[in-house]
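Structure first, commentary second.
The values are calculated or read from the model by the stated rules, or taken from the named source; none is laboratory data. Please read these numbers as outputs of a predicted model, since none were measured by experiment. Cβ placement follows ideal geometry from the backbone for every residue including glycine, while neighbour counts extend to all protein chains displayed.
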Amino acid sequence: MSVIVAKFGGSSLSDAEQFLKVRNILLSDTNRKFVVPSAPGKRFDNDVKVTDLLYECHARARRGQPFEAPFLQVAERFQEIAAQLSLDVQLSEHLARIKERIPQERNPDYAASRGEYLNGLLLADLLGWDFVDPENCVRFRQDGSLDSERTQIDCAHELMRHPYAVMPGFYGSSPDGSIRTFSRGGSDVTGAIAARAADADLYENWTDVSGFMTADPHIIKNPRRIEQITYRELRELSYMGATVLHEDAIFPVRKAGIPINIRNTNEPGHPGTLILPHAQGEPPAGITGIAGHKGFAIIVIEKAMMNAELGFGRRVLQAVEECGVSFEHLPTGIDTMCVVLSQEALYGVRERLVQRIIELTEPDSIEIHDELALVATVGRGMVSQRGIASRLFEALYAAGVNVRMIDQGSSELNIIVGVSNRDFERAVRAIYAAFIEPLD
Ligand code: ASP
């Protein structure tokens with residue numbers, strides 16, 4: 001028998017109807033032994049997430065203001081689910097205790113975590129499964145970082161004791177006993193922790209989309225779905241702005257080699273996207289996906305015979321470091337070195353940085369070009385397939401896009417091009433049409 005850990009996001013558990021879909025999914029495969037729920041999310045466009053309401057309760061309480069109104073909204077969300085599903089949980093007692101404690105807590109984590117806590121209690125009741133409180137096994141250090149080793153030991157020990165269990169996402173506790181949360185969207189991380197601790201064969205992450213898309217749907221209408229992607233490819237795409245999973249959720253399962261399956265609660269028959277440690281074959285289109293965003297600047301430093309000057313690169317990076325900015329890419333030529341930074345990072349330090357590079361390197365020229373967008377074309381097949389780069393640049397040329405920078409990591413997993421902000425969408429469309437499918 002294999003073990004599956006299933007995490008359900010906020011939209012998958014936003015009301016009683018969604019709870020029933022989740023129950024059907026869980027009970028349709030007895031291998032699904034552990035479930036990690038988020039707090040109830042939005043039911044419709046202008047709805048408010050329970051987590052946001054809880055943060056609001058705490059903020060008001062800390063300012064000494066009444067927080068009855070947002071708290072009542074929270075209470076009603078849970079009461080409605082419990083009533084419609086005829087659940088047995090003593091909600092009023094839990095709610096009274098939470099309401100009393102919120103103003104006593106200095107940081108908002110306790111308040112924010114209660115959405116997951118209560119949702120976990122309701123779901124455990126609906127399924128007839130045990131409830132595991134992550135307060136007792138997800139361990140944070142006093143500085144707020146996750147203590148992965150202790151968490152792994154304590155969660156493994158805890159989950160072993162239950163044949164089927166619900167463990168709420170998003171929170172754990174610090175050594176002083178206080179509740180700590182991950183950053184927003186952190187139930188993904190709890191799901192990954194539970195999968196590793198249960199030595200699962202699969203981590204299912206159920207959400208409201210049928211997997212990762214090959215490109216941003218805001219730019220390409222109905223882009224094709226990615227069927228399989230490796231952890232490394234996913235990291236490249238998420239780094240460039242594609243998001244579905246919390247970034248930190250990858251590491252615990254990647255370490256243990258556990259595949260992740262992104263699935264859609266509203267379309268449970270759809271296979272979604274499978275994230276694997278190693279590829280099974282090459283991506284059908286030659287590439288796996290395209291991601292990118294606007295808002296970069298590139299500093300171009302030129303100096304004759306730079307390649308022979310010992311320590312030149314180090315001095316450029318020393319200036320970057322002294323100004324407290326981190327760089328994104330570092331494409332170099334024989335007599336040029338370029339530093340790509342986010343425009344935001346340059347804010348307030350621009351003049352100082354240029355000045356410092358001049359002092360340290362005495363270049364022949366230095367220029368900053370703003371309004372740069374980066375587009376990453378990612379695919380594990382690049383390393384062994386001929387012609388990917390030529391197709392890519394041919395497509396950009398045909399679309400009239402001027403390429404200002406090229407960077408191909410030595411992993412040969414990714415070709416990054418820098419184009420002007422105003423060419424960004426055009427570039428993504430051209431690459432999509434060249435590799436994945438023609439556009440109308
Ligand atoms: N409920 C939390 C949030 O809204 C955590 C999560 O959903 O993963 O960020």
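Descriptive notes on the structure:
- Flag for Glu371 being in contact with a Gly (Cβ under 9 Å, 6 or more places away or on another chain) and touching a residue at least 40 places away in the same chain (Cβ under 8 Å): yes
- The residue pairs whose first member lies in region 41-62 and is of a type in the set (Asp, Glu), whose second member is in a helix (DSSP H, G or I), and whose beta carbons are closer than 6 Å, counting only pairs six or more residues apart or on different chains, are Glu56/Pro70.
- Screening Ser145 against (1) in contact with a strand residue (DSSP E or B) (Cβ under 8 Å, 6 or more places away or on another chain); (2) polar (S, T, N, Q); (3) over 21 Å from Tyr164 (Cα atoms) leaves a single unmet condition, (1).
- Residues of region 374-394 that turn out to be of a type outside the set (Phe, Trp, Tyr) and without any contact (Cβ under 8 Å) to a residue 40 or more places away in the chain, as a count: 5
- Every residue from region 1-14 that is more than 16 Å from the ligand (Cβ to nearest atom) and out of contact with any strand residue (DSSP E or B) (no Cβ under 8 Å at 6 or more places or on another chain): Met1
- Meets criteria (away from the ligand (no atom under 16 Å from the Cβ), under 13 Å from the mean Cα position of the chain (by Cα), among the basic types (Lys, Arg) and under 30 Å from Ala430 (Cα atoms)) for Arg224: no
- Leu439 being surrounded by fewer than 18 Cβ atoms within 10 Å (Cβ to Cβ) and at pLDDT below 95: yes
- Gly295 fulfils the conditions (1) away from the ligand (no atom under 16 Å from the Cβ); (2) surrounded by fewer than 23 Cβ atoms within 10 Å (Cβ to Cβ); (3) modelled with pLDDT under 90 except for a single criterion, (3).
- Total residues in region 15-53, condition closer than 23 Å to Glu135 by Cα, assigned to a loop (DSSP other than H, G, I, E, B) and more than 9 Å from the ligand (Cβ to nearest atom): 0
- Only one entry of Cys323, Cys338 meets the criterion of being in contact with a Pro (Cβ under 6 Å, 6 or more places away or on another chain) and surrounded by 19 or more Cβ atoms within 10 Å (Cβ to Cβ), and that entry is Cys338.
- Region 208-255, subset among the hydroxyl-bearing types (Ser, Thr, Tyr) and surrounded by fewer than 20 Cβ atoms within 10 Å (Cβ to Cβ), residue modelled with the lowest pLDDT: Thr243
- Test set (1) at pLDDT 95 or above; (2) buried (at least 18 other Cβ atoms within 10 Å of the Cβ) - Gln355 fails condition number: (2)
- The listed residue being under 30 Å from Tyr432 (Cα atoms), at pLDDT below 95 and not charged (D, E, K, R), out of Ala373, Ala399, Ala389: Ala389
- Elements of type strands (runs of 3 or more DSSP E) in region 343-440, at least 1 residues being among the small types (Gly, Ala, Ser) and in contact with a Ser or Thr (Cβ under 9 Å, 6 or more places away or on another chain): 365-378
- Scanning region 172-186 for residues that are under 18 Å from Ser148 (Cβ atoms) and either at pLDDT below 95 or within 16 Å of the ligand (Cβ to nearest atom) (or both) yields Gly172, Arg180, Thr181, Phe182, Ser183, Gly186.
- The set of residues in region 54-86 that are in a loop (DSSP other than H, G, I, E, B) and either within 16 Å of the ligand (Cβ to nearest atom) or surrounded by 22 or more Cβ atoms within 10 Å (Cβ to Cβ) (or both) contains only Phe67.
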